[in-house]
1. Only residues of the range 213-245 count here: report those whose backbone N is under 12 Å from the spot 7 Å along Cα→Cβ of Leu469, or say none.
2. Over the range 3-211, how many pairs of lysines fall under 19 Å by alpha carbon, counting only those 8 or more apart in sequence or from different chains?
3. Please report the antiparallel percentage of the DSSP beta bridges confined to the range 230-370, to the nearest 5.
4. Cut-off is 10 Å between beta-carbons; in what order do Glu91, Glu529 appear when sorted fewest neighbours first?
5. List residues of the range 462-486, by number, whose backbone nitrogen lies under 19 Å from a label position 7 Å along Cα→C-beta of Ile369.
6. Rounding to the nearest 20 debye, state how big the charge dipole of the chain is about its Cα centre with +1 on each Lys and Arg Cβ and -1 on each Asp and Glu Cβ.
7. So what is the relative contact order for the range 355-440, in percent, with contacts set as C-alpha pairs under 8 Å and at least six apart?
8. Tell me, in nm to one decimal, what length is gained between Glu204 and Arg532 on full extension, where the rule is 0.36 nm per residue of separation less the Cα-Cα distance?
Amino acid sequence: MVGFSAIFSSQQDIESPDNLIDDHLCWTGNEIIYDYSGEKAEVKISFHDYFSERQPVTASEDVLIWIWGDLKGHEAGNKYRSRDKNTGKAELCVQLYNKFGLDFVSKLNGEFAGIIYNHQSETVHIFTDQLGSRPIYVARGDNNELVLSTQIQLIPEYSEITTSLNEKYLCEYICYNRVFGIHTPLEGIQKVPPASIQTFDLQEQRQRHTQYWYPSFKRSKKNYQEVVREFIDVFRKSLTECIEPERKYGLMLSGGSDSRLILSLYNNLISFHICDWMNREARLAQRVADTADSELHLLQRGDSYYNDIIKTSCSINNFNGYFQEGHALGFRGEIANKVDVTLLGMFSDALFKDHLFPLKELNILNNTIFLPMKEKVETLDKYLNVMSQPVPDYYEGFDTTREILEENILSNNGINHHGIHYKNLSDLVQQASYYPLTNDPDYFHYQSSVQLAPHRTPFLDKRMIEFHLSVPNQYRLRKDIINDAISILDDDLAKIPHSSTLTPVKHPYVVHWMMNNVRKFKEKFFPNEVPRPHFTDSPWPDYGKLLQYDVFGDKEVEAIQENMQSLSNIKMSEFNQLYKEISANGGDWRNIYSILTLGYMPVINNLS
């Protein structure tokens with residue numbers, strides 16, 4: 001995997017599991033690793049070839065800087081400057097550090113995580129981007145060593161680290177596919193908050209936290225047409241910085257509109273679409289690619305696909321997402337051999353649509369319809385009710401997650417949600433699902449894509465994030481900025497239906513909202529015929545039917561038995577009974593996939 005792992009100490013007898021770290025940081029064999037070894041520090045950083053650069057870079061006689069991720073540019077007074085492609089990411093950080101000191105981090109634009117080490121004063125600064133898109137995990141050793149890694153499963157491999165499983169946060173992971181805020185299921189290991197600089201004084205054994213940005217809403221008074229035009233202008237700037245014309249670029253293409261927006265601005269792309277068969281979404285993706293003159297490659301799963309990826313997926317998992325959400329991991333060769341960099345249209349739903357708002361609901365014929373109106377959440381108690389989930393019977397100690405949430409979401413000079421501060425309840429409701437980004441339920445799709453190949457996500461540009469904070473809620477709830485931008489940019493692409501609504505993208509939002517509900521009603525009561533029971537018209541299979549129809553599950557469940565027996569809160573006899581019931585009659589497949597993910601995680605095996 002790409003990322004970094006490091007240990008710092010005020011003592012000189014540092015022990016680092018070098019070979020093991022090298023194996024983790026170079027899991028495909030094609031990554032490039034740079035080592036730093038000093039008397040009191042050891043750092044390893046790994047890159048895909050396209051993004052690689054020798055690190056650390058020296059800022060002064062005593063200061064070294066590492067940065068991992070993608071750095072597109074920086075603010076320069078009231079202007080913005082793109083990073084010169086001949087200037088390395090760490091080199092740019094050094095230039096800005098020498099000019100602005102630690103405040104340089106607040107000026108950066110990109111998806112990144114970094115380290116600044118002053119070996120004279122024995123001070124370590126670690127920093128994250130605005131949304132914490134590249135999380136850093138931190139632990140203190142038995143003798144106050146500081147261990148950092150972008151891969152949580154590496155940290156317990158350091159002999160200085162003693163940890164165990166936290167039953168409450170493990171329960172959160174099982175129920176939500178993530179642990180919120182800064183917390184993790186491993187005792188003593190936490191994430192650095194987003195938009196933060198954490199400073200560790202190794203000699204004095206002190207630490208300090210500085211937050212350099214907060215997502216404050218500054219809603220624009222511009223009308224909707226002006227908002228769409230400004231959105232196009234900002235997105236165009238973001239996408240332009242993602243692309244170097246002399247390189248080959250790939251696009252993960254769906255039948256929806258987020259990736260189609262990228263094609264409406266730049267079509268010199270090789271497109272990829274993941275599917276089980278040539279279903280409705282694949283056919284729409286083909287139409288989009290053909291219309292944009294983009295070469296399309298269908299990445300078609302076979303029956304053994306999930307068995308093939310489960311070990312790899314679980315080995316790179318940071319307790320964010322279940323293993324099957326590493327959607328493209330089984331196609332690494334096909335993608336990496338054809339393109340230098342992949343583009344992903346993720347997180348537009350979080351920033352510009354209604355997907356992460358609590359919405360009002362109607363129930364018609366036992367079918368839930370989400371209305372384009374926010375559910376009023378006027379008290380913290382109501383928020384806890386909205387967020388609470390039942391706990392599977394096989395997990396002892398909790399009936400619901402309510403008790404865990406009550407301990408971790410507190411009203412105190414604002415709201416503290418699992419170690420992340422929000423100014424008020426309204427901010428909590430609107431921001432908690434993407435700030436930090438690891439709170440987003442789809443985060444593992446992004447994380448695994450970062451590991452798969454050199455990768456860029458235009459919607460995570462700093463200018464896009466700032467712009468979304470000016471968009472009035474009514475435009476996110478009852479308009480579709482993405483669809484309307486495509487309609488302005490490329491009328492031919494806008495004429496092709498959206499896969500969720502079966503309606504041309506250029507049609508008004510209200511038509512799409514109505515037709516989306518019609519489609520869901522039809523698929524529930526009058527489903528289309530499919531070649532195999534687990535096939536669907538979306539890019540993903542019916543995960544429950546994979547278990548029901550013996551495509552996947554029996555061997556994998558058998559393989560984790562011994563590994564999971566020692567986890568005291570999980571009763572494997574009840575889990576096995578649940579698996580039999582779901583395999584026979586269907587049910588909530590998430591309760592099975594969560595345990596399969598845990599069972600294949602190397603860190604669980606080591607701790608058990």
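Where a number appears in this text, it was derived from the coordinates with a stated rule and is not lab data. Remember, it's a predicted structure, so these values are computed and weren't measured experimentally. Here the Cβ positions follow ideal geometry from the backbone for every residue, glycine too, while neighbour counts run over all protein chains shown.
1. 213-219
2. 13
3. Working: 4 of 16 bridges.
DSSP beta bridges in the range 230-370 are roughly 25 percent antiparallel.
4. Values: Glu91 19, Glu529 5.
Placing the least packed residue first, the sequence is Glu529, Glu91.
5. Flagged as within label range: 477-479.
6. Numbers: 60 positive and 81 negative charges, 547 e Å.
The dipole magnitude comes to about 2620 debye.
7. Numbers: 86 pairs, mean separation 16.7, N = 86.
The normalised contact order for the range 355-440 reaches 19 percent.
8. Details: separation 328, 0.36 × 328 = 118.08 nm, distance 6.29 nm.
Fully extending the segment from Glu204 to Arg532 adds 111.8 nm.
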